[in-house]
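The structure appears below as structure tokens.
No lab work stands behind these numbers, since they all come straight from the coordinates. For clarity, every value in this text was computed on a predicted model and none was experimentally measured. Neighbour counts are summed over all protein chains in view; Cβ atoms, including those assigned to glycine, are modelled from backbone coordinates with ideal geometry.
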Amino acid sequence: MSFWGYVRSDDSVGTRNHVLVIPQGIIAKSVCDFVAGTKTILTVDHGSGRTANDREQIARVLTGLGRNPNVASVIVHAASPGVGYPELRAERLADEIAAGGKRVELLDPAKDGGTYGAITKGIQLARRMVYEASTLRREKVEDAHLCIGVKCGYSDTTSGIAGNPAVGYLYDKIVAGGGTALFGETTEIIGAEQALVGRAATPEVAGKLLRAVTVQEDRAKATGLDIRTVNPVPSNIKGGISSLEEKSLGAIHKAGSAPVQGVLQYAERPPRKGLYFVDNWMGHLSIFAGYAAAGANVVLFQLGGGGVTGRTLLEGSPSVVAPFLWATANPLTYAAAADSIDFYSGTVIEGSETPEEAGERLYRTVIDIASGTMTRSETLHYTDPIDMYLQEPRF
Amino acid sequence: MQPKRAIMMHPQDNVATALEEIGAGENVAVPLADGSLALTAAEAIPFGFKIAVQEIPQGEIIRKYGETIGRASSAIAKGAMVHIHNLEGTRARGDLGTGGRR
């Protein structure tokens, strides 16, 4: 199978065609408010007072979003409070993005007439860049150019029975088609790690998976808390999930059945195609930015929702450059928020479809969205700030 | 009246998941590879919650997806709801003093 995408100079393929302005701040926001077809990010974390490792992580997120195939070209400005650190200098970020082969422009208030001058120059540049981007046409390409990231959230028992198995079918299909599929949420594989270890492509990958789980479980134990007061989260418990192990065993269904090729850090680009585990944290404002920075051109939130049936409007995407789908298998969630939901697999529970049939329908939905159909969240202007997964103390 | 539906994710499981709202005293049918297991709900089991398909003694492992999801913190009767009041997870438990600060 194939989809219609924007072929970039490095042969990656975009499902969207944004001009990205980074990092966050008044210059980026002003340019994006003024110029159609542009995107920026929202985040409070600009690196100030962060350790070298965390600054490198921030740089990886920013350059990764810039290199994402959904981005046609990029403007980097030098007005961020973190820009004084070597890792976060605008020139460095711009060079790393440009190394991927796309157009990158730099704005420096010190040279461009201050903040006002940089905004003016940015608007002029961005108008030309979005025009230039609009001249590119979608082409028919193989599924091997899909790179998808998933999380399951507000999980309930419908997630494990129907929602995640449908996603698992999609994942197997994308991997079989030569594409790339990312899953993660280290806390939510505790109790299910043996099943994943058995699918590790090499003993080294098995060791990395187990180490990621051990580190996370030791952190949990070191708090002295009963993990059940933290995770499963209250909405999981209201949705019928009784323990972290039960949540994990349901959660790993979304990864399908392909071999796990590697364990990646947050925002790390997969070295090859195939299925990868990402050692990340479940928060949706965090995880999708990490997937997009790793190169995901589509991301998917598999929603349980049993505990939060009052939600009738599911708000927008924190993933910035990757179209963001909502899927659910919970009939109550779907009934409450149907116009926010891109895909429904409660049919499996109702008995009208098998998980495979639902998975095939999900695959076609993803192909449509990759080819340009809007996701429900793309029909809203609303986006949430991203919460980069930084793990070291601040000073 | 049609029995209510619940599903076992694996033949070795000792719980099934309610596929619809089940009232106390209602009959429940759990499809198996060879036929169907008949249960009577000992109490109301909300949609998506678990029902014991056999008696589960205190301390016994509770299995779903063919894997361990915890152990019974009290004896569970066949047909009773299985949730946080009678199932406790065993992983990442800092409160059990294995590596945690008590």
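Data for the structure
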{"quantity": "Rounded to the nearest 20 debye, dipole of the protein assembly as shown from Cβ charges on Lys, Arg, Asp, Glu", "calculated": "960 debye"}
{"quantity": "Point-charge dipole on Cβ atoms (K/R +1, D/E -1) for the range A:2-45, about Cα centre, debye to 20", "calculated": "120 debye"}
{"quantity": "log₁₀ of I(q)/I(0) at q = 0.09, 0.10, 0.12, 0.21 Å⁻¹ - the range A:291-395, Debye sum with one point per alpha carbon", "calculated": "-0.26, -0.32, -0.45, -1.15"}
{"quantity": "Farthest toward positive dipole pole in the range A:200-332 [+1 Lys/Arg, -1 Asp/Glu at C-beta], among A:His253, A:Pro318, A:Gly274", "calculated": "A:Gly274"}
{"quantity": "Cα centroid separation - the range A:137-207 against the range A:263-284, whole Å", "calculated": "10 Å"}
{"quantity": "Farthest toward positive dipole pole in the protein assembly as shown [+1 Lys/Arg, -1 Asp/Glu at C-beta], among A:Thr158, B:Gln12, A:Asn236", "calculated": "A:Asn236"}
{"quantity": "Antiparallel DSSP beta bridges within the protein assembly as shown, percent to nearest 5", "calculated": "40 percent"}
{"quantity": "Average Cα contact separation per residue, chain B, under 8 Å, 6 or more apart, as relative contact order %", "calculated": "24 percent"}
{"quantity": "Residue exposure sequence - A:Lys39, A:Lys173, B:Lys64 - by fewest surrounding Cβ within 10 Å", "calculated": "A:Lys39, A:Lys173, B:Lys64"}
{"quantity": "Cross-link pairs A:Lys151/A:Lys208; A:Lys29/A:Lys102; A:Lys173/A:Lys221; A:Lys39/A:Lys247; A:Lys39/A:Lys208; A:Lys29/A:Lys151 - those with Cα-Cα distance over 31 Å", "calculated": "A:Lys173/A:Lys221; A:Lys39/A:Lys247; A:Lys39/A:Lys208"}
{"quantity": "Point-charge dipole on Cβ atoms (K/R +1, D/E -1) for the range A:272-395, about Cα centre, debye to 20", "calculated": "260 debye"}
{"quantity": "Burial order of peptide ranges A:280-291, A:148-159 (average beta-carbon count within 10 Å, highest first)", "calculated": "A:148-159, A:280-291"}
{"quantity": "Cβ-based charge dipole, the range A:80-133, positive-most Cα from A:Val130, A:Thr115, A:Gly82", "calculated": "A:Val130"}
{"quantity": "Sequence of A:Leu225, A:Leu146, B:Leu19 once ranked by neighbouring C-beta atoms within 10 Å, starting from the fewest", "calculated": "A:Leu225, B:Leu19, A:Leu146"}
{"quantity": "Tensor-based shape of chain B (alpha-carbon gyration tensor, a/c under 1.5 rounded, otherwise prolate or oblate)", "calculated": "prolate"}
{"quantity": "For chain A: Kirkwood Rh in Å [reciprocal of mean 1/r, alpha carbons]", "calculated": "21.3 Å"}
